[in-house]
Amino acid sequence: MKKKILFFCDPGIDDSLAIIYTLLHPNLELVGIVTSYGNVTKEQATANAYYLLKLANQEHIPIIPGAANPVQQDPVTYYPEIHGAGGIGPIQPQSDMKYQIYPFDTIRYLFNKYGKELIVVDTGRSTSLAIAFILYNQEITNVGAFYIMGGAFFVPGNVTPLAEANFYGDPTSSNYVLKYAHNLTIVPLNATQDAILTEQIIQHVIQQTTSPFRDLLKPIFLYYYKAYQKLIPGIHGAPIHDLLAIMLINNPSIVNYIFYDAKVINGAGEAKGLSYIDLRPTGQNGKTRIATKLNYSLFIEDFIDVMVNTER
């Protein structure tokens, strides 16, 4: 039986690659996409999600618009220099696309329909998922597991020296989700910063695949890679952070884990968005599974296998 995925995201190049991977994976079934602000506006994220579903001829999958701003109502910063003005690098989805969007309450319907079979993945700001916890506090207890891409534990952040972008974007909501999500896996920069795809790997996939996304892969990857070459001079590829959160659902052995309950610092100071765990001798381990070291060869093997073997 395929694992059912409800995907909260803000596509975004790495979110887009995570969506593509999910749609192509033989053991995963995408049952809904909740789109929010983050890499782009909520409206652009929604259009991008539909564009990818249309390419795959999977328009039946519900697209559910979520939050447009963080709960703090701080100004939202977008990242066109990394993801492009429209979020998918140089690709511009048609401005006249007509598509159905579903009400936010569809999330409750999916919680009830799939119950323990459902896996919630959030690779964007935590606002929409926190709202779902607040609105559907009974129904959400039926969900099987949660995977959150966010945080940086004792490694540098990527939006400030201390903070990763998702947790920085709405630390109040991130804290709420980390407190109440059960069977939770956090996938932080510790692991995702090493989840690097190279131009050679992308070229290999393009040559081997018959996927409907074949012509999309190279231009969006090259755009992303060029952005990272400016951010991290000498890097030999681009880290596809959000992809790893999806990948661990079916292949958890790609990373090592530690078990601690994590928190995120709120407020507007220099430590805003900092994720941390209690490592004191008197501190206690927790139930939250936190990904640490990546097995790079397994990561690449899994990516190529799913992206190339599309006729199953």
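Quick notes on this one:
- Estimated Rh, region 257-312: Kirkwood, alpha-carbon pairs, angstrom: 14.6
- The smallest convex shape that holds all Cα atoms of region 180-273, its convex hull, gives 167 Å³ per residue.
- Max mean-square fluctuation residue, GNM over the chain, Cα-Cα springs under 10 Å, options Thr127, Thr41, Thr160: Thr160
- For region 219-312: Kirkwood Rh in Å [reciprocal of mean 1/r, alpha carbons]: 16.4
- The alpha carbon radius of gyration of region 138-241, expressed as a multiple of 2.2 N^0.38 Å, is 1.32.
- Extension gain, Asp74 back to Gln138 (0.36 nm per residue minus Cα-Cα distance, nm): 20.1 nm
- GNM top mover of Lys42, Lys113, Lys54 - the chain, alpha-carbon springs below 10 Å: Lys113
- In straight-distance terms, cross-link reach from Lys226 covers every one of the lysines whose alpha-carbon lies under 22 Å from its own, apart from those fewer than eight places away in the same chain; here that gives Lys218.
- Among Leu231, Leu244, Leu162, residue whose mean-square fluctuation peaks in a GNM of the chain (springs only between Cα atoms under 10 Å): Leu231
- Carbon/sulfur fraction of accessible area - region 153-312, other protein chains in place, 1.4 Å, %: 52
- For Asp215 and Thr282, a Förster radius of 51 Å and the Cβ-Cβ distance give a FRET efficiency of 0.35, rounded to the nearest 0.05.
- Rg ratio (alpha-carbon, reference 2.2 N^0.38 Å) - region 1-146: 0.99
- Translational D in µm²/s for the chain (Stokes-Einstein at 10 °C, 1.306 mPa s, Kirkwood Rh from C-alpha pairs): 82
- Using a Förster distance of 25 Å, the FRET efficiency for Leu298-Gln58 (Cβ separation, nearest 0.05): 0.35
- Measuring how big region 28-80 is from its alpha-carbon positions, Rg and Dmax come out at 12.4, 38 Å.
- A Cβ-based charge dipole, computed about the Cα centre of region 184-247 with Lys and Arg at +1 and Asp and Glu at -1, lands at about 160 debye.
- Distance-filtered residues of region 105-137 - backbone nitrogen under 20 Å, label point 7 angstrom along Thr172 Cα→Cβ: 124-137
- Dividing the summed helix terms, -39500 (n - 2.57) for each DSSP H run of n ≥ 4, by the number of residues in the chain produces a 222 nm estimate of -11000 deg cm²/dmol to the nearest 500.
- Cα centroid separation, region 128-161 to region 252-291 (Å): 12
- On the beta carbon distance between Asn183 and Lys226, with R0 = 41 Å, the FRET formula returns roughly 0.60.
- Partners for Lys113 among lysines (Cα-Cα distance below 30 Å; same-chain residues under 8 apart left out): Lys2, Lys3, Lys4, Lys42, Lys54, Lys98, Lys179, Lys287
- Computed as a quarter of the hull surface, the mean projected area of the alpha carbon convex hull for region 124-167 stands at 3.6 nm².
- Whole-number accessible area per residue in Å² for region 92-228, which is evaluated in the context of all protein chains at 1.4 Å: 42
- Virtual spin-label span in nm between Ile101 and Asn309, 7 Å along Cα→Cβ: 3.8
The values are calculated or read from the model by the stated rules, or taken from the named source; none is laboratory data. Just so you know, these numbers come straight off a predicted model, no measurement behind them. Note that each Cβ is placed from the backbone with ideal geometry, even for glycine, and that neighbours are counted across all protein chains shown. These accessible areas exclude ligands, DNA and RNA; they are computed on the full protein's heavy atoms, side chains included. Shrake-Rupley method; radii C 1.70, N 1.55, O 1.52, S 1.80 Å.
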